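Have a look at the structure below, then the notes.
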Amino acid sequence: MATTTSTIPKTAQQTGGHAVVEALLKSGIDTGFGIPSIHNIGIYDALRQEPAFHHWIVRHEQAAGFAADGYYRRTGRPAVVFASTGPGNLFTVVPLLESLQTNTPVVLIGTNVATLVLGKSCGALHETPQQLEIIRPLTRFAERVASPDAIADIIAQAASAGGPAFVEIPTDLLIAPVNDAATTAGKRLEPSSGAPAEQIVQAAAQIAECKKPVIIAGSSALAGDIPKSVQGLAETLNAPVLTTTSGKGAIADDHPLAMGCISRLGIVQQLLLESDLLISVGAKFTEFDTGRFTLKLPQQHIQVDHHQHHAGSLFPPTLKLLGDIDSLVKKLAAAAKPRVSWFDVATAREQEKIRIKGLNQESYTALMLLRRAMSRDDVLVNDQSILNYWASAFFPVLEPRTFLYPTGSGTLGYALPAAIGAACAEPGRRIVCIAGDGGFQYTSHELATLAHYQLPVKLLVVNDNAYGIIGFLQRSMFGHSHEVDLKNPDFCRLAEAYGVPADRATDLAGLEQKISRWLESPGPALLEWKTVLKAPWEVGAIIRPTNLMPVKEQR
Ligand SMILES: Cc1ncc(C[n+]2csc(CCOP(=O)(O)OP(=O)(O)O)c2C)c(N)n1
Ligand SMILES: [Mg+2]
């Protein structure tokens with residue numbers, strides 16, 4: 001990871017706050033999102049003096065967490081969240097959950113009360129019982145700093161934790177002097193060791209013996225050169241490539257071997273039933289993607305992943321290769337002999353397209369309009385709404401790291417702040433963001449951040465004045481809906497009050513007419529689409545699984 005050198009003059013007295021910023025830069029982290037508070041002002045004073053570090057203020061610590069998550073997913077580089085003792089830290093727990101479940105590295109630098117009153121239950125400001133223990137389960141690494149001299153080492157470990165990490169610093173340590181030598185130590189957590197050579201030989205033999213290989217790429221297949229290596233393996237084997245929802249983009253959807261996302265089941269299930277070997281690469285098989293765990297995998301399943309953490313699932317592999325994903329995939333490709341194709345991807349996809357188009361659903365048409373209006377490398381950030389479920393299943397993604405989706409927690413309110421994180425990663429990059437009226441209101445205050453930095457985030461709010469998907473579920477299970485109707489504000493006036501230009505479409509034709517002006521305007525823009533969409537399960541675009549399958553019945 002590239003590191004940045006601090007520009008703070010070394011003659012000045014170094015404090016714990018300086019040590020934090022310096023250690024972050026040394027660990028390759030130069031971007032953070034947060035809110036200053038009485039307990040972390042020591043850090044903010046160091047940030048003031050450090051132009052190499054890019055800090056973005058948001059309007060809620062939850063948004064800082066989602067922004068850091070979005071920043072990583074867009075760039076592959078971790079960002080930091082600065083939060084304060086108690087409420088500030090606790091507001092980040094849902095983002096930490098999202099990042100944990102998707103192995104997204106983010107570093108929460110949070111404070112605690114001063115050392116003198118730590119653990120005393122004496123009514124100190126923001127005092128929170130067992131703060132470290134509340135947050136620890138949502139991280140891959142959580143540690144309290146006991147002295148300013150320990151800051152550098154602990155931050156270096158946090159930055160290399162391979163998932164969310166929490167560094168808790170009692171507030172007094174941030175303004176206490178630091179021993180200069182100690183801030184340069186910085187040890188990193190060891191990466192997981194590679195798979196033994198015999199396992200690679202075994203995997204290569206299984207691949208050579210199989211007749212109908214399929215590849216599924218997940219979010220860990222988006223990093224670095226892995227997409228190219230996966231494509232190389234697929235081309236050698238002439239194997240169709242599927243992705244998980246968070247792995248969308250690991251292969252360009254217009255590649256001749258790309259078979260799209262597993263969440264749409266149907267054609268995916270047919271392909272997997274025909275196949276005799278699955279190679280999954282950095283993929284997690286979630287309930288959402290697998291039709292409530294009902295998806296049937298081929299008899300043989302070679303799982304390639306980079307860490308034990310990532311491997312646990314209700315879909316156990318028959319052979320597990322843990323280690324550096326890129327080199328493992330390259331080794332498998334080098335050992336494989338070129339073969340002819342066993343599955344007609346183009347025909348299968350064409351037939352599916354005709355079927356889905358024939359359902360005449362506005363959701364699908366709108367997504368195709370959007371795809372045509374967006375460039376290949378524009379980014380789409382999702383919330384949890386009916387249009388997002390369609391996007392998981394059917395939106396074609398053409399580049400790695402251009403499709404963000406809260407698959408880890410399934411939380412509402414992810415899209416706008418994660419889009420902000422993605423937008424901060426690359427000035428000028430257009431980020432499209434889709435949310436429903438319900439989900440949007442979880443974090444709509446972040447319109448202020450959009451306007452503040454004039455970020456080119458184009459927000460589509462699909463307004464059905466309802467928690468629409470829940471209404472569908474209720475009607476389908478109980479025959480009635482209850483407590484799903486919403487009385488909403490005027491979203492256009494709301495956006496305009498924040499300084500974000502807004503427009504409204506009241507039907508699909510209006511959407512089509514307004515889409516290019518909305519996407520091409522400079523800076524942020526909100527487009528409200530008033531409509532009532534049908535869930536993909538309601539119209540048979542995805543066959544709805546009825547029940548959770550017991551684990552035994554998976555194979
Ligand atoms: C934090 C959180 N609370 C509740 C839910 C359950 N939930 C999933 S989708 C949904 C409805 C969202 O409404 P909206 O954003 O308007 O999208 P729509 O379903 O109407 O398309 C709800 C309540 C959730 N996913 N996350
Ligand atoms: Mg809605």
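Looking only at residues that are of a type in the set (S, T, N, Q) and away from ligand 2 (no atom under 16 Å from the Cβ) in segment 439-472, which one is nearest to the chain's Cα centre (by Cα)? If you could, list the steps in order and put the result at the bottom.
Start the filter on segment 439-472 by keeping residues that are of a type in the set (S, T, N, Q), which leaves 441, 443-444, 449, 454, 463, 465.
Remaining after also requiring away from ligand 2 (no atom under 16 Å from the Cβ): 449, 454.
Values: 449: 20, 454: 23 Å.
Here the residue is 449.
Looking at 500, 532, which one is touching a residue at least 24 places away in the same chain (Cβ under 8 Å), under 18 Å from residue 437 (Cα atoms) and surrounded by fewer than 19 Cβ atoms within 10 Å (Cβ to Cβ)? I'd like the intermediate steps shown before the answer.
Working: 500 fails: surrounded by fewer than 19 Cβ atoms within 10 Å (Cβ to Cβ).
Answer to the selection: 532.
Quick one: which of 427, 489, 406 is in contact with a helix residue (DSSP H, G or I) (Cβ under 6 Å, 6 or more places away or on another chain) and either within 16 Å of ligand 1 (Cβ to nearest atom) or not assigned by TED's automatic domain parsing to the domain that holds residue 58 (or both)?
On the way: 427 fails: in contact with a helix residue (DSSP H, G or I) (Cβ under 6 Å, 6 or more places away or on another chain); 489 fails: in contact with a helix residue (DSSP H, G or I) (Cβ under 6 Å, 6 or more places away or on another chain).
Sole residue among the options that is in contact with a helix residue (DSSP H, G or I) (Cβ under 6 Å, 6 or more places away or on another chain) and either within 16 Å of ligand 1 (Cβ to nearest atom) or not assigned by TED's automatic domain parsing to the domain that holds residue 58 (or both): 406.
Residue pairs whose Cβ atoms lie under 8 Å apart, sitting 6 or more positions apart in sequence or on different chains, and linking a residue in segment 460-486 that is in a loop (DSSP other than H, G, I, E, B) to a partner that is of a type in the set (D, E, K, R), are 464/437; 464/530; 465/437; 465/485; 465/487; 481/475; 486/437.
Applying the criterion of being among the β-branched types (Val, Ile, Thr) and surrounded by 17 or more Cβ atoms within 10 Å (Cβ to Cβ) to the residues of segment 451-478, the residue that is farthest from ligand 1 (Cβ to nearest atom) is 457. Residue 211 meets all of the listed conditions (1) in contact with an Asp or Glu (Cβ under 6 Å, 6 or more places away or on another chain); (2) buried (at least 18 other Cβ atoms within 10 Å of the Cβ); (3) basic (Lys, Arg) but one, namely (2). In segment 143-170, of all residues being closer than 13 Å to residue 89 by Cα and of a type in the set (Val, Ile, Thr), the one that is surrounded by the most Cβ atoms within 10 Å (Cβ to Cβ) corresponds to 169. A single member of 133, 61, 127, 143 is on the phi < 0 side of the Ramachandran plot and at pLDDT below 95, and it is 127.
Residue-by-condition table, conditions (1) of a type outside the set (Gly, Ala, Ser); (2) more than 18 Å from the chain's Cα centre (by Cα); (3) not assigned by TED's automatic domain parsing to the domain that holds residue 410:
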{"position": "221", "(1), (2), (3)": "no, no, yes"}
{"position": "226", "(1), (2), (3)": "yes, no, yes"}
{"position": "268", "(1), (2), (3)": "yes, yes, yes"}
{"position": "271", "(1), (2), (3)": "yes, yes, yes"}
{"position": "289", "(1), (2), (3)": "yes, no, yes"}
{"position": "297", "(1), (2), (3)": "yes, yes, yes"}
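With respect to the stated conditions, residue 329 fails to be β-branched (Val, Ile, Thr) and closer than 30 Å to residue 541 by Cα. Looking at 340, 345, just one residue is in contact with a strand residue (DSSP E or B) (Cβ under 9 Å, 6 or more places away or on another chain) and of a type in the set (A, V, I, L, M), and that residue is 345.
The values are calculated or read from the model by the stated rules, or taken from the named source; none is laboratory data. From a predicted model like this one, the values you see are computed outputs, not experimental measurements. Ideal geometry is used to build each Cβ from the backbone, glycine not excepted, and the neighbour counts take in all protein chains shown.
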